[in-house]
Every structure is written in C-alpha cells, then in structure tokens.
Amino acid sequence: QVVALHCFSALTTAESSFSTRVMALADRELDIVVFGATGDTGAASCCCLYFRGASLGIKAWAPAARNLGKLKKDVLDKLKDQSIGEGGLMFSEPIEADSGDYEALVRMCKKTKCVVACAGPFVQYGEGVVRACAETGTNYVDVTGEVPWVQKMERQYGQQALENGATIVSLAGYDSVPPDLSTYLAAKALEQQGHRLQRFDLFAGGGGGAMPTGTINTMVQGVELAKSQFWSTFGLGGGASKPPAKKKADGEKKPAGNKTTYVPKDQSKLKDSNLFWSMCPGYSSLAGQFCIPHFMAPINVNVVHRTAAQEGYGGLVYRERMAGLSKGPMSLYGLLPTLGGIGSAFLLALLLPLPKSTSLIIYLRDKYNPPLSAKARATMLNGYASTGKTYAYGFGESAKGLRVQTELKCSFDPGLAFTTLSACTVASTIVKRSSTEDKAKPGFQTAVTAVGGERLAEEFRAQGVTVKVSVAGASKL
C-alpha cells in the first residue's frame, strides 16, 4: 500500500506538472516564432506567415534574429510595403535572440507555443534552440537535412522533450516531407483494402527558386568530411580543410550515453539496403522507366523508414529517384537521360576528392546563388507568389499485386518556398492541436508521426498543394 501510494503520488505530481506546462503553453502570447529570420529560409518563413498566417489558423507570430536592425531593413520593412490580404497576419514585436546566448533562447521560447528554426548549418547553430524548447516544453520545427545531428539531439534531449510534452520535428521541408507523406498515404490506402505495402518507388523533383545558403554550407561541410575520410584511407592528411567549429550556447550539454538511433535498429539493415539501391541507376517496373537517384535520398530514406516503423508498415522495399526526366519512347523510356546522369555522377566523383573542389563549390555558390536567392526572396515578398514547382510521384505495390499511386505537387520551388510552407504548415498544425484533446505526439517525431499523415495532407490541400492517392484506379482524395 505504501509503495502504491508513492507511485500514485509520483504520477499525480507528474500529471500536475504536465498540466501546468500545458496551461502555460496555452497562455503564451505567440503561436509561432521564426528563429533565424534574416537568412534565406528564415525570411521565406516570415513571408509565408505574413501572407498566409491567418489561413494557416494561427493568431500571432514574431520573427527572431540576433541583428534586429538587419531584420528590419532586409525583411520587415519590405513586408510592411505589401498588403497582407485576407489570409495574412501582421507580425508581432521582433525578438532579439542569438544561437550562442542560451538565456535569450529560453526567453524567446517562453513567449511562444512553437519555434520554427531556420538558422543553419544546424550542427553549428541549432543545438541551443532544441535544448531551450525541450527545457521549456515549447514545440519545435526545423528545416534541417542533417540526420546525424538530429540523432544526436534526440539522444541528448529526447527524454526531456517527452517529459515536458514538447513535440520536436526536424526535416520538415522538402527534405523530407514529400517522400515520407507519399509513402505513408500509399501504405494506409492499401491497408484500407486489406493489403500491405511491399514496394514503393518515389520520384521527387522540382525547379525554380534557389538553394538556401545554409544548405549549401552544410553540403560543403559534408564534402570536406568525405574528402578527409577518402584521403585518410590512403594514409594522407591532405585534401580537406578542418570544418568550422559549431557555435555553442551557454551551458550546452556534453554528449550523453543514450544510444538511440534515428532509424530503429531492427530496420537499419533494410534502410541501408534500400539506400544503396536507391543510389544506383536502374529501371522502375512500377513507373515503367529508367531512372537515376534523387540527390536527397540519403536524407529522406532515413525519415521514410522511421515513420514506417512507427506507423506499422516497416519492412518495405523503398527506392527514391529523380523526377522530371524524359521517359517517352524518344528517350528510350528514360534510358538516354539516365546514361547522361551516370556520366555526370562519374565525373563528379572524380572531381570531388581533389584539394580545390570545395573552393570551387564556394565560388559557384557566391557567384550564382545570391542572384537566384534575391529573385526568389523578392517574389515571396510580393505576396508569397509562385517561385517554381515541387513534385513527388509515387508508385507502390502490395505483396498480392494491388497497385497504388500518389501525387504531391505545388507551384513553389523545393529549396525555399515549399520548404518554408511545409515547415509553417507543420508548426501551425501542432499549435492548433495543442489547444485540443488530440494533441501532437510529444518527443522527437517526423512531421507525419507528429500530426498524422491524413491531417497533414488536409492541411497541405488547404494551402493549395495537390495531394492525391489512388488504388487500382479508384481515386482517394
């Protein structure tokens, strides 16, 4: 009886603490804070909320940056020159916060129900925000594609986020929502027919806009690391420079002993196999064409397998390919562009290990990406207008041969506009559910597992994104 009494007391205390935190969350003045609002994706997120905030269902939002003067000049003054329209929402007072000032991050988090983090590379600038959100029970969404970093964050702050009821969603942009949501919808559509998804071939792509500077910097760091590993195998230390040290927030935790893996261990071998074959050019019998790898597959495959394991359709054969290649008879059903892609990849593999390869990437970044980013930003500042296109087409099959197809497309480029629309949609959905009994799942989640695939698809459709799934010729919208 004494033991039972102690257990009941502990449970009651935990429930009381959680209830207090939820009440405090409901009383916070802001629904969303965009952290890193002067960068490419941060500015794009501000545009999204300024022109679409009300249509997303939020009531108040604010931008946050370390340099409020730059934020005002480059983003906010330009937004004020534009009419927000019926679906828009004016921003609240900007918040000064720096990734290296943990107390400022905590103060920021205590003002809002959810943070949309846009300051990358996240391995350098991201940990303080995750830690502050986990500690204060604040929901969190980011646009990173850095899976090892996400795994590290879950090991260090996953339990605290779970205990405090904070939903932490990474990889909520072009990486990796389209492939993950498409796979989920295909699996669930087959389940309704009494079938199980056995194989799914996803074709993703898009055009227009620009690549976020933080994403390019992350790629440069990845190339540097790969070069270092390549040359070290030959006993050579040259070829790669030392990557920049990450910016630490005050009191940042040391790595914990938690051995949590982003993809469950029982799915790890299958994930590695699916990734290997996804990176090999081949022929998709489900799509009826030759194909080349999608360059984001090394990121997306992890998310697809994590969601599949949690949602009950783990064990599937998954391939991720580049969409947009010609696949008609004139191209020999995609064979000719596939051979061209193989040649380009071979040439790239020869060039990347060279000492000056990353210097070339940086040169190309500085020469060509700024004009593209400026054009995309100007377009988004002008009513969050169309910047390009994003699309993902899926072809699946059950063990019994029943086929399913999915389609996701919109008139926004993958790198900036769709990524920020996706992140803001996920964040607003979490916020709206926080005031109901049907709250988003706490702890580290994918976008799909946090709010549910069907709900996320509905929210996308409300924002003008086409999301379709059909089984054996019967359309399911």
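The values are calculated or read from the model by the stated rules, or taken from the named source; none is laboratory data. Here the structure is a predicted model, which is why all the values come from computation and not from measurement. No Cβ is skipped: glycine too gets one built from the backbone with ideal geometry, and neighbour counts run over all protein chains shown. Accessible surface areas use protein heavy atoms only, side chains included; no ligands, DNA or RNA. Shrake-Rupley method; radii C 1.70, N 1.55, O 1.52, S 1.80 Å.
Go ahead and run the numbers for FRET between residue 86 and residue 439, Cβ-Cβ distance against an R0 of 25 Å, rounding to 0.05. So the FRET efficiency works out to roughly 0.30. Ligands, DNA and RNA excluded, the heavy atoms of residue 185 present near 20 Å² of accessible surface to a 1.4 Å solvent probe. A full extension of the chain between residue 367 and residue 266 corresponds to an added length of 31.9 nm, given 0.36 nm per residue minus the alpha carbon distance.
Rolling a 1.4 Å probe over the protein heavy atoms gives the range 416-477 an accessible area of 34 Å² per residue.
If R0 is taken as 25 Å, the Cβ-Cβ distance between residue 385 and residue 24 corresponds to a FRET efficiency of 0.05.
Note on residue 196 and residue 286: their simple-model spin labels are 1.6 nm apart, each label 7 Å out from Cα toward Cβ. The residues of the range 140-190 expose, per residue, 20 Å² of accessible area to a 1.4 Å probe.
Each principal axis of the range 13-122 carries a Cα extent, and these read 50, 35, 22 Å when sorted largest first. Here's the picture: a label point sits 7 Å out from the Cα of residue 399 along the beta-carbon direction, and within the range 183-205 the residues with their amide nitrogen under 18 Å of it are 187-200. Rounded to 0.05, the FRET efficiency of the residue 107 and residue 378 pair, given R0 = 45 Å and the Cβ-Cβ distance, is 0.85.
Residue ranges 438-448, 408-418 sort as 408-418, 438-448 when ordered by packing (mean number of other C-beta atoms within 10 Å per residue, highest first). Checked against a 24 Å cut-off, the cross-linked pairs 111/432; 327/468; 78/113; 265/468 give Cα-Cα distances beyond that limit for 78/113; 265/468.
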